[in-house]
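> Handing you this structure, nothing more for now.
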């Protein structure tokens, strides 16, 4: 399974890029899944939901299944956060797995960069960044600069780079 990270600082537009890329890649015949990292406490159930009650009772994992989708909730119970490799191992095979966030992990990534966010370019210190997607001109990059608004060009870059 090919994987590619979409990295950048908070507010740079990572989720927006991923949500625009998925339909473009699917139109080109690729199956796509995602893993998203967040610094916030993840919860997809609410107080009073059966899954919430089961987690509160101490279950390590709770799977919730219906006719349209299923979800697996895993409690760390004080253990370390799951690694990218642990999460990837749980995913069903697809043509492309987009990994949003995890900017310090050593996998190939496209950086989303907006100068107005006021953060430095990750590409200047991360050899795993294979391109930077930005609306700004970045003349001193050592890697390709992609126009953040040109989803078709970004999809083509990904397909060619990963030989999909």
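The values are calculated or read from the model by the stated rules, or taken from the named source; none is laboratory data. Fair warning: this is a prediction, and the values are worked out from it, not measured in the lab. Don't worry about glycine lacking a Cβ; one is built from the backbone with ideal geometry, like all the others, and counts go over all protein chains shown.
> For residue 110, state whether it is touching a residue at least 40 places away in the same chain (Cβ under 8 Å) and in a helix (DSSP H, G or I). Walk me through how you get there before you give the answer.
On the way: touching a residue at least 40 places away in the same chain (Cβ under 8 Å): yes; in a helix (DSSP H, G or I): no.
Judged against the criteria, residue 110 is not a match.
> For the structure I just gave you, tell me whether residue 123 is assigned to a strand (DSSP E or B), surrounded by 17 or more Cβ atoms within 10 Å (Cβ to Cβ) and touching a residue at least 12 places away in the same chain (Cβ under 8 Å). I'd like the intermediate steps shown before the answer.
On the way: assigned to a strand (DSSP E or B): no; surrounded by 17 or more Cβ atoms within 10 Å (Cβ to Cβ): yes; touching a residue at least 12 places away in the same chain (Cβ under 8 Å): yes.
Judged against the criteria, residue 123 is not a match.
> Right, residue 47: without any contact (Cβ under 8 Å) to a residue 24 or more places away in the chain and assigned to a loop (DSSP other than H, G, I, E, B) or not?
Details: without any contact (Cβ under 8 Å) to a residue 24 or more places away in the chain: yes; assigned to a loop (DSSP other than H, G, I, E, B): yes.
Yes: the conditions hold for residue 47.
> Tell me, please, whether a residue that is outside any strand (DSSP E or B), modelled with pLDDT of 95 or more and exposed (fewer than 10 other Cβ atoms within 10 Å of the Cβ) can be found in the stretch 126-138.
Checking the stretch 126-138: not a single residue is outside any strand (DSSP E or B), modelled with pLDDT of 95 or more and exposed (fewer than 10 other Cβ atoms within 10 Å of the Cβ).
> Of all residues in the stretch 70-102, which are within 16 Å of residue 31 (Cβ to Cβ) and either in contact with a helix residue (DSSP H, G or I) (Cβ under 6 Å, 6 or more places away or on another chain) or loosely packed, with under 10 Cβ neighbours inside 10 Å (or both)?
If we filter the stretch 70-102 for residues that are within 16 Å of residue 31 (Cβ to Cβ), which is where we start, we get 88, 91-99.
Residues satisfying the conditions are 92, 93, 98.
Okay, residues lined up against (1) within 26 Å of residue 116 (Cα to Cα); (2) at pLDDT 85 or above; (3) within 17 Å of the chain's Cα centre (by Cα); (4) surrounded by 17 or more Cβ atoms within 10 Å (Cβ to Cβ):
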position	(1), (2), (3), (4)
8	yes, yes, yes, yes
18	yes, yes, yes, yes
25	no, yes, yes, yes
28	no, yes, no, no
41	no, no, yes, no
50	no, no, no, no
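> Going by what's in this entry, would residue 158 be described as outside any helix (DSSP H, G or I) and under 20 Å from residue 22 (Cβ atoms)?
no
> Are any residues in the stretch 59-97 without any contact (Cβ under 8 Å) to a residue 60 or more places away in the chain and either part of a helix (DSSP H, G or I) or within 14 Å of residue 36 (Cα to Cα) (or both), and if so, which ones? Steps first, answer last, please.
Going through the stretch 59-97, the residues without any contact (Cβ under 8 Å) to a residue 60 or more places away in the chain turn out to be 59-87, 89-90, 92.
81, 82, 83, 84, 85, 86, 87, 89, 90 - these are the residues of the stretch 59-97 that are without any contact (Cβ under 8 Å) to a residue 60 or more places away in the chain and either part of a helix (DSSP H, G or I) or within 14 Å of residue 36 (Cα to Cα) (or both).
> Return the residue satisfying two criteria in turn: it lies in the stretch 104-120 and is buried (at least 20 other Cβ atoms within 10 Å of the Cβ) and in contact with a helix residue (DSSP H, G or I) (Cβ under 7 Å, 6 or more places away or on another chain), and of such residues it is farthest from residue 161 (Cα to Cα). Full working, then the answer.
The first filter runs over the stretch 104-120 and keeps only residues buried (at least 20 other Cβ atoms within 10 Å of the Cβ), leaving 109-113.
From the residues that got through so far, the ones that are in contact with a helix residue (DSSP H, G or I) (Cβ under 7 Å, 6 or more places away or on another chain) too are 111-112.
Working: 111: 15, 112: 17 Å.
Across the stretch 104-120, the extreme among qualifying residues is 112.
> Go through (1) over 16 Å from residue 5 (Cα atoms); (2) in contact with a strand residue (DSSP E or B) (Cβ under 6 Å, 6 or more places away or on another chain) for residue 107 and report which single condition fails.
Residue 107 satisfies all of (1) over 16 Å from residue 5 (Cα atoms); (2) in contact with a strand residue (DSSP E or B) (Cβ under 6 Å, 6 or more places away or on another chain) except (1).
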